[in-house]
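So the structure is just underneath, and the comments pick up after that.
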Amino acid sequence: MTVVVPATSANLGPGFDSLGLALGLYDEVTVTLTDGSGLSVEVTGEGADVLSRDDSHLVARTLRDSFERFGAAPAGLRVRCANHIPQGRGLGSSAAAIVAGVMAAAALTGDGRMDPAEILAVAGEIEGHPDNVAACLLGGFTIAWTDGGRAHGVRLDPDPRIEALAFVPPDGLSTETARGLLPETVPHRDAVHAASRAALAVAALTRRPDLLLAATEDRLHQPYRAPAMSASAALMDRLRAAGVAAFVSGAGPSVLALLPEVRPDLPALADPGWSVTRLPLDLAGARLVEAPG
């Protein structure tokens with residue numbers, strides 16, 4: 001069973017842990033039940049030189065957790081990951097691994113048509129926050145939240161004029177490090193600012209892309225994280241000064257720009273060593289496909 005999962009960008013500026021966007025860059029995870037005991041993990045592409053090949057691999061851990069939740073305990077597993085999503089760059093690689101593991105386990109236990117709401121609830125609990133997993137699972141533009149510890153998500157169609165430009169640095173940053181920089185409290189005026197801009201982002205992403213620059217302005221988390229990713233913060237400032245709706249993608253350090261029209265001048269604003277990739281928005285979300293022969 002193969003699961004194709006898209007990259008994602010979370011927060012989108014002010015929508016901390018709630019707004020997400022699926023991007024047209026994909027990992028493919030193939031999971032096979034084997035007769036023998038034990039686990040086999042193969043990784044190609046992004047992260048192949050650093051990711052583990054044992055039970056600590058995130059897809060493998062998610063599979064074991066999900067099979068237990070679904071009341072199954074397969075004897076042996078073979079996992080093959082063809083990765084195209086950069087690792088540790090704020091583009092949802094961990095969410096993609098978790099969604100792939102939950103969906104594969106559901107399919108292999110005979111519940112391949114499991115309600116997406118249930119898959120989201122399981123994936124959100126494993127990930128710890130629902131923004132990336134909601135966008136990865138549902139595709140498009142998503143609003144996610146938790147209620148009673150359970151993750152929920154709503155999918156909206158993004159304006160078809162919008163595409164993304166991903167600026168990816170050569171070095172990553174862990175989500176734990178980025179979250180550790182956030183204060184326990186923020187000024188009330190900054191909370192009000194975040195609420196208004198996050199609400200505006202819903203309109204901007206779905207039907208008013210002319211409002212994207214204002215809608216992606218953030219005071220809630222990016223200023224506190226800037227010291228740990230000074231190059232990202234500087235690039236974001238350069239892009240926004242050029243009138244571009246740019247923000248740190250997820251926990252960073254990648255920067256994402258949302259554009260209603262092509263801007264060929266923007267890649268030149270990146271520092272040497274950064275990759276710059278135009279990405280369409282993914283509208284389908286995670287999907288099951290036949291395992292390659």
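The values are calculated or read from the model by the stated rules, or taken from the named source; none is laboratory data. This one's a predicted model, so the numbers in the text were calculated from it and none came from an experiment. Cβ sites come from the backbone with ideal geometry, for glycine too, and all protein chains shown count toward neighbours.
A search for C-beta distances below 7 Å between a residue of the stretch 157-176 that is without any contact (Cβ under 8 Å) to a residue 40 or more places away in the chain and any residue that is buried (at least 18 other Cβ atoms within 10 Å of the Cβ), counting only pairs 6+ apart in sequence or on different chains, returns nothing. Does the stretch 137-155 include one or more residues that are assigned to a helix (DSSP H, G or I) and in the same structural domain as R69 (by TED's automatic domain parsing)? Checking the stretch 137-155: at least one residue is assigned to a helix (DSSP H, G or I) and in the same structural domain as R69 (by TED's automatic domain parsing).
Exactly one residue among A233, A245 is in contact with a strand residue (DSSP E or B) (Cβ under 8 Å, 6 or more places away or on another chain) and within 25 Å of R155 (Cβ to Cβ), and that residue is A245. Any chance the stretch 40-55 includes a residue that's buried (at least 16 other Cβ atoms within 10 Å of the Cβ), in the same structural domain as A135 (by TED's automatic domain parsing) and in contact with a Cys (Cβ under 6 Å, 6 or more places away or on another chain)? Yes: the stretch 40-55 contains one or more residues that are buried (at least 16 other Cβ atoms within 10 Å of the Cβ), in the same structural domain as A135 (by TED's automatic domain parsing) and in contact with a Cys (Cβ under 6 Å, 6 or more places away or on another chain). Evaluating L181 against the criteria (1) at pLDDT 95 or above; (2) in contact with a helix residue (DSSP H, G or I) (Cβ under 6 Å, 6 or more places away or on another chain) leaves one unmet condition, (1). Identification of strands (runs of 3 or more DSSP E) wholly contained in the stretch 182-293 with 2 or more residues that are under 17 Å from T142 (Cβ atoms) yields 255-259. Within the stretch 200-255, the set of residues being among the acidic types (D, E) and over 20 Å from G20 (Cβ atoms) comprises D210, D237.
For the stretch 120-133, filtering for residues that are out of contact with any Phe, Trp or Tyr (no Cβ under 9 Å at 6 or more places or on another chain) and under 18 Å from L283 (Cα atoms) leaves 3. Among all positions in the stretch 31-44, there is at least one residue which is touching a Pro at 6+ places or on another chain (Cβ under 6 Å) and in contact (Cβ under 8 Å) with a residue 60 or more places away in the chain. Scanning for something touching a strand residue (DSSP E or B) at 6+ places or on another chain (Cβ under 6 Å) and either surrounded by 17 or more Cβ atoms within 10 Å (Cβ to Cβ) or at positive phi (or both), does the stretch 176-197 turn up at least one residue? Checked the stretch 176-197: no residue is touching a strand residue (DSSP E or B) at 6+ places or on another chain (Cβ under 6 Å) and either surrounded by 17 or more Cβ atoms within 10 Å (Cβ to Cβ) or at positive phi (or both).
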